[in-house]
Structure formats: structure tokens, C-alpha cells
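Worksheet: one structure, shown below.
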Amino acid sequence: MKLYTNFIYPTEVHDVVKLFLDGVVLSDDGSGDITLIEYVDDTKFKYVSTFFARVAQTEVDTAGLDELQQVRLRKRFAKVCMYDLLVKVTGKHMPWGGLTGIRPTKLARQLTAEGLDWQQTFRGLLDVSEQKTNLVADILAEQGDLYGYRANTADMYVGIPFCVSRCSYCSFTSGEIGKMKKYVLPYVAELKRELAATLKFAEDNGITLRNVYFGGGTPTSLSAAQLDEILSVIDITPTEYTVEAGRPDTIDKDKLDVLAAHGVNRISINPQTFNQSVLDTIGRRHTVADIYDKYNLARKYDFAINMDLIAGLPGETYEMFCHNVECAVACGADNITVHTLALKHGSALKEQNFAQGQSPVAKMVEFAHEKLYATGYIPYYMYRQKYMSDNLENVGFTKPGKPCLYNIDIMEEISDIIACGTNAISKRISVEQNRIERAANPKDVITYIERLDDFLQKKFELFS
Ligand SMILES: C[S@@+](CC[C@H](N)C(=O)[O-])C[C@H]1O[C@@H](n2cnc3c(N)ncnc32)[C@H](O)[C@@H]1O
Ligand code: SF4
């Protein structure tokens, strides 16, 4: 089936179609089974969408708005027009309505800045469900004073592109450390060089680094000695210092000692699931007992601990997923992040054409949220991705007073980010111009090792 549109942002309209129908392609020959046509009359933009005999229409007047605001409104109303049509055709409503962006909380703040009642726009115009609108409201309330741009301040992200084995759902650009042995030492050496240069640049330019976040990949797939070498370069005391330990099979006492000695105050130990058969299916290569052992070991230190779960993993029933949530809550993790399986290109599951089938992912997520609210956890950040099961979302929950500041900064895009390592994107926020400029390090280890200086220069230019 083909979609034809004369709208200058066709992928925006296509993204709405993908919420309802698989396999629809964008047409480039002026014809389509589904169409959306934009008509322009001075400051008025009118949209008409059709699917066989079904028709929907929307209209917006952009008089007095600047170009950026006009574009935003045109995109919004074009998408609403397609969404309304497909609701008529299929009789289905989506949990996030016609919203396809990855940051609903950011959109809510933007609507408020436009002078609109965001809740009314979510519920009325965009058809977002009451439940999801309330979720956004709770997150905005929890972020409270933690939300805000701080001049001359940035967070630092550090990417470690190694894992002990590849999980079948994952599309991140990280390699199995056992197969990449010859690159590990050169990577550690170049990363240390980048960190030292970046810290000096920040100091010379009066930039305070507030939160430091090591992600990946799995930072703790490096040895205790390698971690010690890297962390020794970081000669500042950030407010929040996170190292994603992630895989329980990468954690031991020596590594935790190193993290603690360097002032790391937040780690993650991610079960994904507490069911052994599912761990085996997704290639995590550790036992359920390992999750408890490593969690109990880490609890002897002063770290705040996050646990990631994924709803919709292969072979996991509703009851099995509920068990996962109960286990994470019983552990008493400070943060519990509930992801919804996204079937992304580059993951083994996608390549194997894994299909979600009848798995009740929406019901699983609903159980997780209810259980977490009921046990005192509060949602504090969220994001959505393409290809998510049932068009849902990922939500970070926290015990009171324990939210991860970096997660809020990165998802709300309110902090400059100075990033080091592979697949690390530095961002400079311009609040006045409502703009974000970026400088990206390479995704692959070899290019990083060979050409670090080029990327360092681009990063420093961004912040000069
Ligand atoms: C960047 S990954 C790193 C985590 C760490 N290496 C580990 O395996 O525990 C962060 C989290 O994203 C989630 N995630 C990764 N791929 C996903 C997918 N395709 N769908 C849903 N969640 C995903 C997982 O919960 C994972 O813990
Ligand atoms: S989920 Fe974590 S351990 Fe698994 S492949 Fe992705 S980054 Fe590596």
C-alpha cells in the first residue's frame, strides 16, 4: 500500500500511518491508496486526508507566528489530520494518540510556552489517553525544580562500547569484548586522552561539570584495573556520578571497590527479567541468582541502584512479567526503569523477524506502573522510541528523592552535554534561540582510535 502527500515533511505523516498500518510505503509518483494534501491560503493551512471513501480534514491559521512556530503547527495539524482519518478507518485509538515524537514531556512544556493548555491539547486535539496524559503530568510535577537550564554548566557522558555478549533485543553499537580484545587497550588509552583534554577544556572555559554518566555498552565489561585507569583521569567531584554496571555477570567486588573509591554514587544492575528461561532466550548468559548476588553485594556500598526491566520480551507471559516487577520492588532498587520492547534494526530479534503477536504488553506496562505507584515509586522521566510494542513508552520510576539528574537533563534536553568515547553526542543548548547544536563522535571503535583528534576539535569548536 502507498501513501502520497505533498506535505514538505512526508516522514512526519508516514510515522502516523505506521502507528496503524504495517508495510505502507511513501509514494513518489503522485498517487497513493492513502493521501494527505496540504492547501495553503495566505496564513491558513488546510489538510485533507483520504483512504478510499473516508476523508478527514483539519485547518490552522498561523498569522503572526514566526517561521519555526509555523512549521511546528503545520506538522502538528497535518499529523492530526492523518491520525483522525486512520481512527475513522480502523476504529482504533492509540495510547499516545497522534503523537509520534520521542519526548512527550518536552512537548507539554512547549505547548505551555505557546500559551496553550497542554492537557487540553493532549486530550482534545492529539487524542492522547487520560492515563498517558496523567503520566506526563506526574513526571512534570516530579521534575519540579530539577528541570532548568544552568548557564556555564554541562553534564559529561562517556561511552564504553563493549559488552560480554550481545542481547538479542539490543541494537546499540557495542561489540563483544572477547572478540574485540585487540582494540580494548587502544580504546582505553584514547579515551583517557579525550577525557583529560575535555576536562582541561571545561576548566579553561569556566564550564562546571555537574553530572557524569558512563554508559554504553557495559562499562563494567572492562577490568577493575582498566576502570581504575579511566576513572583516575576524572579529577572533579560531580553532583551525580553514574556508571552503568548493567550486566550482573560483569560485576565483582574489585570493580565495585574501584567505583566507590572514585566517588561513583549511582550504578545500574539490570535484570531485564527475573525468569531464567527468558534470560537464556535473550542471550544474557547469567542466572537469576547472579542478579540477587550482585545486587546484595552492591548494597554493601553507598550507591543508588537502578534496575532496568523490559516488557514484551520473547517467551514472557503477563504473569512472568508481573513477577519481574514484584522482584525488582522486593529488592528495593532506588530506581526502576520500565522499558517496552522496541524491535529495532540491528538487533537479532528484528533480523529473526520476531513478532510480538498477542503478547499483552500494554497490560504488562499498566501492571508495572500500578505496582510502582502503589509501592511509593514516582515516575520522573520518560521517552518513546520508534518500533515500540503497542506504541508505548519507557518510564523511569524513583523512590522519593532519588531521581537520576542526568536522565532528566538528557531527555528534556535542558543541559549542555560534553560527550566522550564512541557513539557519544555532545550537545550545546541555545535557550534564547530554542536551538540545539551537536557534535558527534564516531560510532565505531576503529574510527575513534584512528581519528580522535578530528572529533575532539569539532567538540571544542561547538563549545567555543
Ligand atoms: C544502553 S542499554 C545498556 C544496558 C546494559 N548494558 C545492560 O545490558 O544492562 C540500556 C537499557 O535499554 C534497554 N533496552 C535496550 N534495547 C532495548 C530494546 N530494543 N527495547 C527495549 N528496551 C531496550 C534495556 O533495558 C537496557 O538495560
Ligand atoms: S543490552 Fe546491554 S549488554 Fe546487552 S547488548 Fe545491549 S548494551 Fe550490551
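The values are calculated or read from the model by the stated rules, or taken from the named source; none is laboratory data. Remember, it's a predicted structure, so these values are computed and weren't measured experimentally. Ideal geometry is used to build each Cβ from the backbone, glycine not excepted, and the neighbour counts take in all protein chains shown. In case anyone asks, the SASA skips ligands and DNA or RNA and just uses the protein heavy atoms, side chains included. Shrake-Rupley method; radii C 1.70, N 1.55, O 1.52, S 1.80 Å.
For A196 paired with K2, estimate the spin-label separation in nm (one decimal), with each label point 7 Å from Cα along the Cα-to-Cβ line.
Reported label-point gap for A196 and K2 is 6.0 nm.
Under 20 Å Cα to Cα from K200, which aspartates and glutamates show up? Leave out anything in the same chain fewer than 8 places away.
D155, E190, D228, E229, D235, E240, D416, D453, D454, E461
Calculate how steeply helix 224-233 sits against the longest principal axis of the alpha-carbon atoms of the chain, using the helix alpha-carbon long axis, and give the answer as 0 to 90 degrees to the nearest 10.
Compared with the principal axis, the helix lies near 70 degrees.
Output the pairs from K300/K459; K2/K344; K88/K132 with a Cα-Cα distance over 32 Å in this structure; if there are none, say none.
Going by Cα-Cα distance, K300/K459 fall outside the 32 Å limit.
If you filter segment 366-464 for GluC sites (Glu not before Pro), then keep DSSP loop positions with at most 15 other Cβ within 10 Å, what is left?
Working: sites: E366, E370, E393, E412, E413, E432, E437, E450, E461; in loops: E393, E413, E432.
Of the GluC sites (Glu not before Pro), the ones in loops of segment 366-464 whose Cβ has at most 15 other Cβ atoms within 10 Å are E413, E432.
Can you give the accessible area of V25, probe radius 1.4 Å, in Å² rounded to 10?
Estimated to the nearest 10 Å², V25 gives 80 Å².
Residue by residue, what Karplus-based ³J(HN,Hα) values in Hz, rounded to whole numbers, does segment 177-193 have, using 6.51, -1.76 and 1.60 with θ = phi - 60° and x for Gly and Pro?
For segment 177-193, the Karplus curve yields 4, x, 8, 10, 3, 6, 9, 5, 5, x, 5, 4, 5, 5, 5, 4, 5 Hz.
Express the carbon and sulfur contribution to the solvent-accessible surface of segment 148-286 as a percent, rounded to the nearest whole number, probe 1.4 angstrom.
Of the solvent-accessible surface of segment 148-286, carbon and sulfur hold 52 percent.
Could you compute the net charge surrounding R266? Neighbours are other residues with a C-beta less than 11 Å from the C-beta of R266; K and R count +1, D and E count -1. All intermediate terms of the calculation are to be shown ahead of the outcome.
Values: positive: K402; negative: E240, E244, D302, D334.
Around R266, the surrounding residues sum to -3.
Quick one: net charge around D127, please, counting Lys, Arg +1 and Asp, Glu -1 for every other residue with C-beta under 14 Å from its C-beta.
+4
Listed here are the pairs K386/K427; K255/K363; K46/K427; which of them are more than 27 Å apart at the Cα?
K255/K363; K46/K427
Apply the a/c threshold of 1.5 to the C-alpha gyration tensor of segment 139-253 and tell me whether it is rounded, prolate or oblate.
oblate
What FRET efficiency comes out for the pair S129/I425, r = Cβ-Cβ distance, R0 = 22 Å, nearest 0.05?
It comes to 0.10.
Rounded to the nearest 5, what % of DSSP beta bridges with both residues in the chain are antiparallel?
Taking every DSSP beta bridge within the chain, about 45 percent pair in antiparallel fashion.
Counting only protein heavy atoms, what percent of the accessible surface of segment 1-121 is carbon or sulfur at a 1.4 Å probe?
Here it works out to 50 percent.
Using the Karplus curve 6.51 cos²θ - 1.76 cosθ + 1.60 with θ = phi - 60°, work out ³J(HN,Hα) for each residue of segment 303-311 in order, rounded to whole Hz, and write x for Gly and Pro.
After applying 6.51 cos²θ - 1.76 cosθ + 1.60, I find 6, 6, 10, 9, 10, 9, 10, 10, 8 Hz.
With θ set to phi - 60°, apply the Karplus curve 6.51 cos²θ - 1.76 cosθ + 1.60 along segment 57-62 and write out the HN-Hα couplings as whole Hz, x wherever there is a Gly or Pro.
Once θ is set to phi - 60°, the couplings for segment 57-62 become 9, 9, 8, 9, 9, 10 Hz.
Classify segment 185-250 from the C-alpha gyration tensor, please: rounded if a/c falls under 1.5, else prolate or oblate depending on whether a/b exceeds b/c. Working shown, then result.
Values: a/c = 2.57, a/b = 1.51, b/c = 1.70.
Verdict is oblate for segment 185-250.
Taking H as built 1.01 Å from N, whose amide H comes closer than 5 Å to the amide H of A419, not counting residues under 5 places away?
Sorted by chain and number, the residues that satisfy this are Y157, S426, K427.
Skip the ligands, DNA and RNA, and give the accessible area per residue of segment 192-278 with a 1.4 Å probe, whole Å².
33 Å²
To the nearest Å, what is the center-to-center distance of segment 318-338 and segment 399-464, using C-alpha atoms only?
31 Å
Trypsin sites (Lys or Arg not before Pro) within segment 7-109: which are DSSP loop residues with at most 15 other Cβ atoms inside 10 Å?
Working: sites: K18, K44, K46, R54, R72, R74, K75, R76, K79, K88, K92, K106, R109; in loops: K92.
Those satisfying the criteria are K92.
Quick check: net charge around K363, other residues with Cβ under 14 Å of its Cβ, Lys/Arg +1 and Asp/Glu -1?
Cβ neighbours under 14 Å give a net charge of -4.
Can you compute the helix-only [θ] at 222 nm over the chain? Use -39500 (n - 2.57) per DSSP H run of at least 4 residues, normalise by all residues, nearest 500 deg cm²/dmol.
-12000 deg cm²/dmol
Which loop-located chymotrypsin sites (Phe, Trp or Tyr not before Pro) does segment 1-103 contain, where loop means any DSSP state but H, G, I, E or B and the Cβ has at most 12 other Cβ atoms within 10 Å?
Filter output for segment 1-103: F52.
Count the DSSP beta bridges whose two residues both fall in segment 2-92, then state the antiparallel fraction as a percent rounded to the nearest 5.
Taking every DSSP beta bridge with both residues in segment 2-92, the antiparallel ones total about 75 percent.
Looking at the square roots a ≥ b ≥ c of the eigenvalues of the Cα gyration tensor of segment 331-437, which shape do they give, rounded for a/c under 1.5, prolate if a/b is larger than b/c, or oblate?
The shape class here is oblate.
What residues qualify as long-range amide H neighbours of G216, i.e. H under 5 Å apart, gap of 5 or more or another chain, H built at 1.01 Å from N?
Here the answer is I160, since their amide H atoms fall under 5 Å of that of G216.
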